[in-house]
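Q: Sharing a structure below in structure tokens format, with a few things to ask.
Derivation of every value follows stated rules applied to the coordinates shown; laboratory data play no part. If you're wondering where the values come from, they're calculated on a predicted model, not measured in any experiment. Virtual Cβ from ideal backbone geometry, glycine too; neighbours counted across all protein chains shown.
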Amino acid sequence: MNVVKVLVAGDRFILPEILLEALARHVPGAETTIIKGKWPVAPFVQIGEVYEAEGDEGALIRALEGCEIAFVHASPFTEKVIAAAAPTLKLITVGRGGPVNINVAAATAHGVRVSNAPGRNATSTAEHSVAMILAAVRQIVDRHNELVAGAWRGDYYAYENTPPEVRGSTVGIIGYGAIGSRVARILNAMGAHVLAYDPYVAAKDMPDAEKLDDLDELLRRPSILTLHPRLNDETRGMIGADQLALLPEGA
């Protein structure tokens, strides 16, 4: 029986030990080569033609020698790396929502399959998004900074200075994927009226939001707007000055 050789490439965020545990459950007995990157202590950078990557191409090529599978997080799979590993490499599986550190076109050209993990961090991102909405609506950061500076403003309790509640507010969500749908679920449970724009999701698949098919219509209605589409050629620049001008005053 042939033993599968796997490169396990983690870092300071996705530890190699975590990847090894998952690998042992699904590919028991695999022979492994392990490398550990420095992200997030070392920042993401563009390496060659790939983005949000960290690591050295030469070291990665050496570690991939004889490997059929690469189980990775942020390693730079450029065309140079893939071409060098392609004689044996058959699969790159990336523990990220999007394989931005993989030259997918080069992998396809060399017969190497690529898989990723959509929604990997969707829950934590959705929770953080709602936390930022609450911080903005309830003016938590500004009031905290004033208190730290020794100021206590009783007039903030005056009716005209009292911020709105999420309950009863209209919230617009752009992008109803793994993150946007979770944000909608949380805000819907809090009593908000949630509107959503996503041309790739049907109304029947938006149980926690009212689907709108026109982006401008959505922008004219909410007091809170939250964006959750993946950045790509289609979405880059979709919200600018003209779109923000459509929002209700005070949104």
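Q: If each residue's Cβ is checked for other Cβ atoms within 10 Å, how do T125, T88 rank with the fewest at the top?
A: On the way: T125 18, T88 13.
Result, fewest neighbours first: T88, T125.
Q: Normalised by the residues of region 122-244, what does the relative contact order come to in percent, with Cα pairs under 8 Å and at least six apart? Write out the running numbers ahead of the final one.
A: On the way: 159 pairs, mean separation 31.8, N = 123.
Dividing the mean separation by the residue count of region 122-244 yields 26 percent.
Q: Under a straight-distance cross-link criterion of Cα-Cα below 23 Å, which lysines are reachable from K80, leaving out those fewer than 8 residues away in the same chain?
A: Excluding near neighbours in sequence, the set is K5, K36, K38, K90.
Q: Taking a label point 7 Å from the Cα of Y51 along the Cα→Cβ vector, which residues of region 207-251 have an amide N closer than 17 Å to it?
A: Counting only backbone N, you get 228-240.
Q: Can you work out the FRET efficiency for the pair E17 and R62, with r the C-beta to C-beta distance and R0 = 22 Å, to the nearest 0.05?
A: On the way: r = 22 Å, r/R0 = 0.99.
After rounding to 0.05, the efficiency reads 0.50.
Q: Let me ask something else about it. So if the hydrodynamic radius of the chain is defined as the Kirkwood radius over C-alpha pairs, what does Stokes-Einstein give as its diffusion coefficient at 25 °C and 0.890 mPa s, in µm² per second? The partial results should precede the final answer.
A: Working: Rh = 21.1 Å.
Reported coefficient: 116 µm²/s.
Q: Sticking with this structure for a sec: If you keep only loop residues by DSSP, which chymotrypsin sites (Phe, Trp or Tyr not before Pro) in region 117-203 have at most 14 other Cβ atoms within 10 Å of their Cβ? Working shown, then result.
A: Working: sites: W152, Y156, Y157, Y159, Y176, Y197, Y200; in loops: W152, Y176, Y200.
Sparse-neighbourhood loop chymotrypsin sites (Phe, Trp or Tyr not before Pro): W152, Y200.
Q: Go ahead and collect, in residue order, the members of region 148-171 whose backbone nitrogen is under 19 Å from a label point 7 Å along the Cα-Cβ direction of D214.
A: Answer for region 148-171: 171.
Q: Something else: Extent of region 134-251 along each principal axis, from alpha carbon coordinates, in Å, largest to smallest?
A: Result for region 134-251: principal-axis Cα extents of 49, 30, 23 Å.
Q: Please compute the length gained on full extension between R138 and T33, using 0.36 nm multiplied by the number of residues separating them and subtracting their Cα-Cα distance. List each step's numbers first, then the result.
A: Numbers: separation 105, 0.36 × 105 = 37.80 nm, distance 4.98 nm.
Roughly 32.8 nm would be gained on extension.
Q: Compute the Cα gyration tensor for region 5-115, then decide on rounded, prolate or oblate, letting a ≥ b ≥ c be the square roots of its eigenvalues: rounded whenever a/c is under 1.5, prolate when a/b is larger than b/c in the other cases, and oblate in all that remain. Intermediate results must be reported in sequence, preceding the final value.
A: Details: a/c = 1.56, a/b = 1.06, b/c = 1.47.
Taking the square roots of the gyration eigenvalues as a ≥ b ≥ c, region 5-115 is oblate.
Q: So, R0 is 45 Å and r is the distance between the beta-carbons of N2 and A203; what FRET efficiency does that work out to, to 0.05? Write out the running numbers ahead of the final one.
A: Details: r = 49 Å, r/R0 = 1.10.
FRET efficiency, N2 to A203: 0.35.
Q: Only helical DSSP H runs with n ≥ 4 go in: add -39500 (n - 2.57) per run for the chain, normalise by residue count and round the 222 nm mean residue ellipticity to 500 deg cm²/dmol.
A: Theoretical 222 nm ellipticity from helices: -8500 deg cm²/dmol.
Q: Counting alpha carbon pairs within less than 8 Å and at least 6 residues apart, what relative contact order, in whole percent, applies to the chain? Before the final figure, lay out the partial values.
A: Values: 434 pairs, mean separation 29.8, N = 251.
Relative contact order here is 12 percent.
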